[in-house]
Amino acid sequence: MAIIDVGIMERAGVKLANVAKLLGVSRPTLTRWQSGQSSPHPLRRARVEKVNELIERGISLGLLPVNNPDLNHNERSRRTVALLRLLQGGRM
């Protein structure tokens, strides 16, 4: 079973790199978790579940995906991470 719900990520326009940044892990680490090669510590797993919830919340509020054709990829990514942190209350 994947750690991060890829379907939700795609609907929200959230990249794996954004999720890794929110979790404070490298993208390769998150990729290993996704593939089942390794698994996160239980405390980290709780954060992963919180990120899934935040992404779902952003979608339900209509805040995700960040779709603005005037923004480049890096700026959309930066705003996505900032939005997810805001939804979480600034802590992650």
Item to check | ³J(HN,Hα) computed for each position of the range 66-82 - Karplus, 6.51 cos²θ - 1.76 cosθ + 1.60, integer Hz, glycine/proline x | outcome: 7, 10, 9, x, 7, 9, 7, 4, 5, 5, 4, 5, 4, 5, 4, 4, 4
Item to check | Centroid-to-centroid separation of the range 42-68 and the range 1-16 [C-alpha atoms, Å] | outcome: 9
Checklist entry - Computed FRET efficiency, Cβ-Cβ of SER38 and ARG79, R0 25 Å: what is it to the nearest 0.05? => result 0.25
Checklist entry - Under a point spin-label approximation (7 Å from Cα along Cα-to-Cβ), what is the GLN88-ASP70 distance to one decimal in nm? => result 2.9
Item to check | Normalised per residue, the volume of the convex hull around the Cα set of the chain (Å³) | outcome: 89
Checklist outcome for this item: Non-local residues with an amide H under 5 Å from the amide H of ILE3, with H modelled 1.01 Å from N and Pro and chain starts lacking one, are GLN34
Item to check | Per-residue HN-Hα couplings for the range 19-36 [Karplus 6.51, -1.76, 1.60; θ = phi - 60°; Hz; x = Gly/Pro] | outcome: 5, 4, 4, 4, 7, x, 10, 6, 4, x, 4, 5, 5, 5, 5, 4, 7, x
Item to check | Charge context of VAL66, other residues only, Cβ under 10 angstrom, K/R +1, D/E -1 | outcome: +2
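The numbers here are math on the coordinates, done by the rules we state, and not lab data. These numbers were taken from a predicted model, which means no experiment stands behind them. Don't worry about glycine lacking a Cβ; one is built from the backbone with ideal geometry, like all the others, and counts go over all protein chains shown.
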